[in-house]
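The values are calculated or read from the model by the stated rules, or taken from the named source; none is laboratory data. In this text, all values refer to a predicted model and were calculated from it rather than measured experimentally. Please note: Cβ atoms are built from the backbone with ideal geometry, for glycine as well, and neighbour counts cover all protein chains shown.
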Amino acid sequence: MTKPDAETAPRLKQLSEKMNRRRLGKKLLQSEWVQRGGSLLIHGMLSAIWRTNRDNGTSSDWETMIDEGWPAIFTLWHGQHLLIPYGGPRDRKFVTLVSRSTDAEINARVIERAGYEVIRGSGGRDARMVAGKGGVRALFGMRDALKRDVSVVMIADISKGEARQAGEGVVTLARISGRPIIPVALATSRRIVLEKTWDKTSINLPFGVRSARLAPPIYVSPKADKDEMAEARAKVTAELNRVTEEAQRAVGIHT
């Protein structure tokens, strides 16, 4: 085996040390005390941010908008979701889908502290990815929740896929459950946008105003064919973009 030369050896050592630090950091983040303490801290911060942002009177009325549509499938974009668990009607039950990855454990615990049920599973770009990540089981779990009169909160676009494009998951759930899709967006006047992230994540800040906008229900026929499913995805995409822009304009954000 050839020994690394004098120039290569330091770089290999630095790479090895970097990988060891990453493994140690990941192991630390997965520890029970970090998961418990981290989720409690994040929940407290998000709850405070929600309380310190005043509704400016432009939000949609959940009950009037949906009327007899409960339970429903509420869907939103990646990166715009942080305050959603704190904004729904408190007299309604909700369940949300969270990735099965260990990195998402804190996120799941924060959502549970906010009062939502959690179903673990992930979508994907093809059938093998969905099956391998528990997507099929999660899909039927959400369908069963809807049968129990529990509404579903679901991200529309696929993680690290094409941002602001509705995937197949949300329209498939609507097709097999018979329940409507309600595109929803929430914006606060004070925020930080992480421009380098794939989904342009918005970090909501306290002491501003907020607005939550809902689109009219979108139904998908249980007999919908491939073309009709594509049309449903396009409609969800268009309506989500519309209410996202409405919510942002309502709090003074113009993009």
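Which of the residues that make up segment 142-184 are among the hydroxyl-bearing types (Ser, Thr, Tyr) and either touching a Cys at 6+ places or on another chain (Cβ under 9 Å) or touching a residue at least 60 places away in the same chain (Cβ under 8 Å) (or both)?
Of the residues in segment 142-184, the ones among the hydroxyl-bearing types (Ser, Thr, Tyr) are 151, 159, 172, 177.
Across segment 142-184, the qualifying residues are 151, 159, 177.
Restricting attention to segment 74-117, the residues that are polar (S, T, N, Q), more than 22 Å from residue 194 (Cα to Cα) and in a loop (DSSP other than H, G, I, E, B) total 1.
Are there any strands (runs of 3 or more DSSP E) wholly within segment 157-240 with 1 or more residues that are of a type in the set (D, E, K, R) and under 21 Å from residue 64 (Cβ atoms), and if so which?
209-214
Looking at 194, 205, 240, which one is at pLDDT 95 or above and within 19 Å of residue 46 (Cβ to Cβ)?
Working: 194 fails: at pLDDT 95 or above; 240 fails: within 19 Å of residue 46 (Cβ to Cβ).
One residue alone meets the criteria, 205.
Would you call residue 156 touching an Asp or Glu at 6+ places or on another chain (Cβ under 7 Å), at negative phi and at pLDDT below 95? Criteria not met by residue 156.
Quick grid of which residues meet (1) modelled with pLDDT under 95; (2) surrounded by fewer than 24 Cβ atoms within 10 Å (Cβ to Cβ); (3) in contact with a Lys or Arg (Cβ under 6 Å, 6 or more places away or on another chain):
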residue: 152; (1), (2), (3): no, no, no
residue: 168; (1), (2), (3): yes, yes, no
residue: 183; (1), (2), (3): no, no, no
residue: 186; (1), (2), (3): no, no, no
residue: 189; (1), (2), (3): no, yes, no
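Of the listed requirements (1) more than 30 Å from residue 207 (Cα to Cα); (2) in contact with a Pro (Cβ under 8 Å, 6 or more places away or on another chain); (3) modelled with pLDDT of 95 or more; (4) surrounded by fewer than 19 Cβ atoms within 10 Å (Cβ to Cβ), residue 146 misses just one: (4). Taken over segment 89-99, the criterion of being in contact with a Ser or Thr (Cβ under 8 Å, 6 or more places away or on another chain) and surrounded by fewer than 20 Cβ atoms within 10 Å (Cβ to Cβ) is satisfied by 92, 93, 99.
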